Each structure stands twice: as C-alpha cells, then as structure tokens.
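What follows is a short report on a single structure.
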Amino acid sequence: MRNYDRLTLLKRNTFSSIFYQITAIVCGFVLPRVILEYYGSEINGLTNSIMQFLQVIVLMEGGVGAVVRAAFYEPIANRDTKKISEIYVAANVFFRRLVLVVFFYMIILMIVYPKFANERFDYLYIASLIVAMGAGYFVQYYFGIVNNIFVNAAQKGYIINNLLSVCCILNTISGVILVYMGTSVQMLKLISSIIFLIKP
C-alpha cells in the first residue's frame, strides 16, 4: 500500500472515530434522559441492570476477535485471498457456535433474573425486555462480527465508525419519537436492536 493511501486511511479512520465518539456522547446524554423522565427510575435501573448482564456476552468471545484480526493482517497485506477465505470461514464457524452459547445464556437469564429483579415487574415483562435487548447481540455474532473484524484488519474502520454514527443518530431520533408516542420500553429496545442491525 502506498504512503498516500495509508495517510488517507489514517485521516479517514481518525476523523470518523472522533465524529463517532462525539455522536455517542451527545446521544448518550439525550436518549437516556428522555427514557428516565418518561419511564421512571425503576425501569431505567432495570434496563441498565439487564444491559450489564448482556455485556457478559462480550467476554464469551474470549479475545478470539483480536486473534482473528491479527491473523488477517498478513494475508490482507499480501492479497492472499485463499488464506483470507480460510481465516474468514474458520472464524465464522467459531462465532456461529458462540451464538448457541449466547442463545442458552439468554434463556438462563430469562429464567433466573426475573426472580431477583424488582417485584413490581412480572416475569413476562422482564423476560420480553431481555429478548428485546439481547436480539442485537445475537444477530451481531451470527451475521456481522467476522465482517467487522475483517474491515478493521483492512484498516477501513471508518466504514464501521460511520455506520455506528448513523445508527446512534437514528436510534436517538427514533427513541425520542417512540417515547413520546407512549411506546412500551420493550418495543423501544427492540427497535433499537433492529436499527443497530444496519452495521452487520
């Protein structure tokens, strides 16, 4: 790759990353505040608690994503499409298996967590909220994560950053509209998961 191309990619990746960080910060102030005001602190606490449990899914990846990304570097530099394909297929197999683990983890969470959550909310309310919030993780690992790793390894992270910025903005705008339309928090979170499917 020529120095000019490297410099161009560096600029794109840097500016897109900064723009995404600013977008995420602004959106992170707006939507949670609207949710807190409309749904109340109990539901806000419940969704934050569920999100913490769902983020355990990221740990299940076990650093494999970083290993796959490192494995991509050399064949991408050498334009070795055969090797790239082999790594891509092997990574896809791993993450498809991880999806099964994610699926069973969500089922266990749906069974166990409602027993310890706020008694104000019934089982179905909490279980449906877990499904709505966890759908995005499920699809990400099934469809998009290897593509995401490959794009980053190819030094084209600006593509992902730009998509994430668009997702954040759309999620915030749609979220505010849905809140003021009186939509349930489950539908709000499900729509949010659907919007972030743009990335994979």
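Brief remarks follow.
- Candidates 136, 157, 182, ranked by Gaussian network fluctuation over the chain, Cα under 10 Å, top entry: 182
- Within the accessible area of the chain (1.4 Å probe), percent carbon and sulfur: 66 percent
- Accessible surface computed residue by residue for the chain, with neighbouring protein chains in place and a 1.4 Å probe, gives 59 Å² per residue.
- Descending semi-axes in Å of the chain, equivalent ellipsoid built from Cα gyration tensor: 35, 22, 11
- Shown in residue order for the stretch 38-48 are the 3J(HN,Hα) couplings computed by the Karplus curve 6.51 cos²θ - 1.76 cosθ + 1.60 at θ = phi - 60°: 7, 8, x, 5, 5, 5, 4, x, 5, 5, 5 Hz (x for Gly and Pro).
- Rounded to the nearest Hz, the phi-derived 3J(HN,Hα) couplings of the stretch 125-134 under the Karplus curve 6.51 cos²θ - 1.76 cosθ + 1.60 (θ = phi - 60°) are 4, 6, 4, 5, 5, 5, 4, 4, 7, x, where x marks glycine and proline.
- The calculated FRET efficiency for residue 53 paired with residue 147, based on their beta-carbon distance and R0 = 25 Å, is about 0.45.
- Using alpha-carbon coordinates, inclination of helix 185-195 to the longest axis of the chain, degrees: 10 degrees
- Selection among 81, 124, 112 by position relative to the dipole of the stretch 1-157 gives 81 as farthest towards the positive end (Cβ unit charges, Cα centre).
- Once the Cα atoms are used to define both axes, helix 81-116 deviates from the longest principal axis of the chain by about 10 degrees.
- Estimated inter-spin distance, residue 154 and residue 112, nm [label 7 Å along Cα→Cβ]: 4.0 nm
The values are calculated or read from the model by the stated rules, or taken from the named source; none is laboratory data. Bear in mind that the values here come from a model prediction, so they are computed numbers and not experimental data. As a convention, Cβ positions derive from the backbone with ideal geometry for all residues, glycine included, and neighbour counts pool all protein chains shown. For the accessible areas, the whole protein counts, side chains as well, though only heavy atoms, and no ligand, DNA or RNA atoms are used. Shrake-Rupley method; radii C 1.70, N 1.55, O 1.52, S 1.80 Å.
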